[in-house]
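Let me begin by presenting the structure, written as C-alpha coordinates, before commenting on it.
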Amino acid sequence: MKITAALAWWNETPADLTACIASLANIADKVVALDGSYVRYPGATVWSSDAEVQAIRAAAKRANIECEIIRPDRLWAGQVEKRSVLLREAAKGSDWVLVVD
(Lines give C-alpha, C1' and ligand atoms only; values in the text may rest on other atoms or scores of the structure.)
Protein backbone atom coordinates (compact mmCIF):
# COMPACT_ATOMS: atom_id res chain seq x y z
CA MET A 1 0.00 0.00 0.00
CA LYS A 2 1.37 3.42 -0.97
CA ILE A 3 0.41 6.54 0.97
CA THR A 4 1.16 9.93 -0.57
CA ALA A 5 1.03 13.15 1.41
CA ALA A 6 -0.30 16.13 -0.55
CA LEU A 7 1.13 19.47 0.56
CA ALA A 8 0.03 22.80 -0.93
CA TRP A 9 2.39 25.55 0.15
CA TRP A 10 3.55 29.05 -0.61
CA ASN A 11 5.81 31.42 1.31
CA GLU A 12 6.32 29.32 4.45
CA THR A 13 9.34 29.30 6.71
CA PRO A 14 11.85 26.54 5.94
CA ALA A 15 11.68 25.50 9.61
CA ASP A 16 7.90 25.00 9.41
CA LEU A 17 8.21 23.02 6.18
CA THR A 18 10.95 20.87 7.69
CA ALA A 19 8.79 20.11 10.73
CA CYS A 20 5.79 19.35 8.52
CA ILE A 21 7.67 16.85 6.39
CA ALA A 22 9.40 15.30 9.41
CA SER A 23 5.96 14.64 10.94
CA LEU A 24 5.16 12.40 7.97
CA ALA A 25 7.91 9.89 8.79
CA ASN A 26 6.47 6.40 9.27
CA ILE A 27 3.17 7.58 7.75
CA ALA A 28 3.76 8.56 4.13
CA ASP A 29 5.79 6.86 1.43
CA LYS A 30 5.83 9.95 -0.76
CA VAL A 31 5.12 13.65 -0.55
CA VAL A 32 3.87 15.75 -3.45
CA ALA A 33 4.41 19.43 -2.66
CA LEU A 34 2.74 22.02 -4.86
CA ASP A 35 4.04 25.58 -4.77
CA GLY A 36 2.48 28.89 -5.75
CA SER A 37 0.09 31.62 -4.75
CA TYR A 38 -3.24 32.85 -6.05
CA VAL A 39 -3.87 35.63 -8.57
CA ARG A 40 -5.88 37.74 -6.13
CA TYR A 41 -3.48 37.41 -3.20
CA PRO A 42 -1.65 40.71 -2.47
CA GLY A 43 2.07 40.38 -3.20
CA ALA A 44 1.60 36.99 -4.83
CA THR A 45 4.53 35.29 -6.54
CA VAL A 46 4.53 32.24 -8.75
CA TRP A 47 7.18 30.47 -6.68
CA SER A 48 8.32 30.35 -3.09
CA SER A 49 12.00 30.71 -2.24
CA ASP A 50 14.58 28.09 -3.16
CA ALA A 51 15.29 27.73 0.57
CA GLU A 52 11.76 26.40 1.03
CA VAL A 53 12.19 23.86 -1.75
CA GLN A 54 15.52 22.75 -0.29
CA ALA A 55 13.94 22.39 3.17
CA ILE A 56 11.22 20.10 1.81
CA ARG A 57 13.68 17.97 -0.15
CA ALA A 58 16.15 17.66 2.73
CA ALA A 59 13.46 16.78 5.26
CA ALA A 60 11.96 14.17 2.94
CA LYS A 61 15.38 12.62 2.40
CA ARG A 62 16.02 12.44 6.16
CA ALA A 63 12.60 10.86 6.68
CA ASN A 64 13.18 8.43 3.80
CA ILE A 65 10.13 9.72 1.94
CA GLU A 66 10.03 10.01 -1.83
CA CYS A 67 9.59 13.66 -2.80
CA GLU A 68 8.04 15.38 -5.80
CA ILE A 69 7.95 19.16 -5.89
CA ILE A 70 5.81 20.90 -8.46
CA ARG A 71 6.41 24.56 -9.24
CA PRO A 72 3.84 26.21 -11.53
CA ASP A 73 4.52 28.50 -14.45
CA ARG A 74 1.84 31.01 -13.42
CA LEU A 75 -0.23 32.12 -10.44
CA TRP A 76 -3.14 29.88 -9.53
CA ALA A 77 -6.66 31.15 -10.29
CA GLY A 78 -7.69 30.11 -6.77
CA GLN A 79 -7.59 27.40 -4.14
CA VAL A 80 -9.93 25.05 -6.02
CA GLU A 81 -7.65 24.99 -9.06
CA LYS A 82 -4.49 24.47 -6.98
CA ARG A 83 -6.00 21.73 -4.81
CA SER A 84 -7.45 19.91 -7.82
CA VAL A 85 -4.03 19.75 -9.48
CA LEU A 86 -2.40 18.69 -6.20
CA LEU A 87 -4.84 15.85 -5.56
CA ARG A 88 -4.64 14.63 -9.16
CA GLU A 89 -0.83 14.52 -9.02
CA ALA A 90 -0.72 12.94 -5.56
CA ALA A 91 -3.15 10.21 -6.56
CA LYS A 92 -0.91 8.94 -9.37
CA GLY A 93 0.35 5.53 -8.30
CA SER A 94 -0.99 5.92 -4.77
CA ASP A 95 -3.50 3.89 -2.81
CA TRP A 96 -4.21 6.66 -0.31
CA VAL A 97 -3.72 10.43 -0.33
CA LEU A 98 -3.20 12.28 2.93
CA VAL A 99 -3.92 16.00 2.64
CA VAL A 100 -1.45 17.96 4.77
CA ASP A 101 -2.86 21.36 5.60
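The values are calculated or read from the model by the stated rules, or taken from the named source; none is laboratory data. In this text, all values refer to a predicted model and were calculated from it rather than measured experimentally. No Cβ is skipped: glycine too gets one built from the backbone with ideal geometry, and neighbour counts run over all protein chains shown. To get the accessible areas, we keep the full protein, side chains included, count just its heavy atoms, and leave off ligands, DNA and RNA. Shrake-Rupley method; radii C 1.70, N 1.55, O 1.52, S 1.80 Å.
May I ask you to list the aspartates and glutamates whose Cα is less than 19 Å away from that of LYS30, ignoring any residue fewer than eight positions away on the same chain? Straight-distance partners of LYS30: ASP16, GLU52, GLU66, GLU68, GLU89, ASP95, ASP101. Tell me the net charge near ASN11. Cut-off is 14 Å between Cβ atoms, ASN11 excluded, with +1 for each Lys or Arg and -1 for each Asp or Glu. Summing Lys and Arg as +1 and Asp and Glu as -1 gives -3. Here each label is just a point 7 Å from Cα along the line to Cβ, and for TRP96 and ARG40 those points are 3.5 nm apart. Near the amide H of ILE69, within less than 5 Å, lie the amide hydrogens of ALA33, all on another chain or at least 5 residues away, with H placed in the peptide plane.
The loop-placed trypsin sites (Lys or Arg not before Pro) in the stretch 1-96, going by DSSP, that have at most 10 neighbouring Cβ atoms within 10 Å of their Cβ come out as ARG40, ARG74. Taken over the chain, the convex hull of the Cα atoms encloses 85 Å³ per residue. In the chain, helices alone account for a calculated mean residue ellipticity at 222 nm of -10500 deg cm²/dmol, with every DSSP H run of four or more residues adding -39,500 (n - 2.57). The largest accessible area among TRP76, TRP47 belongs to the first residue in TRP47, TRP76, and the rest follow in falling order (1.4 Å probe, all chains).
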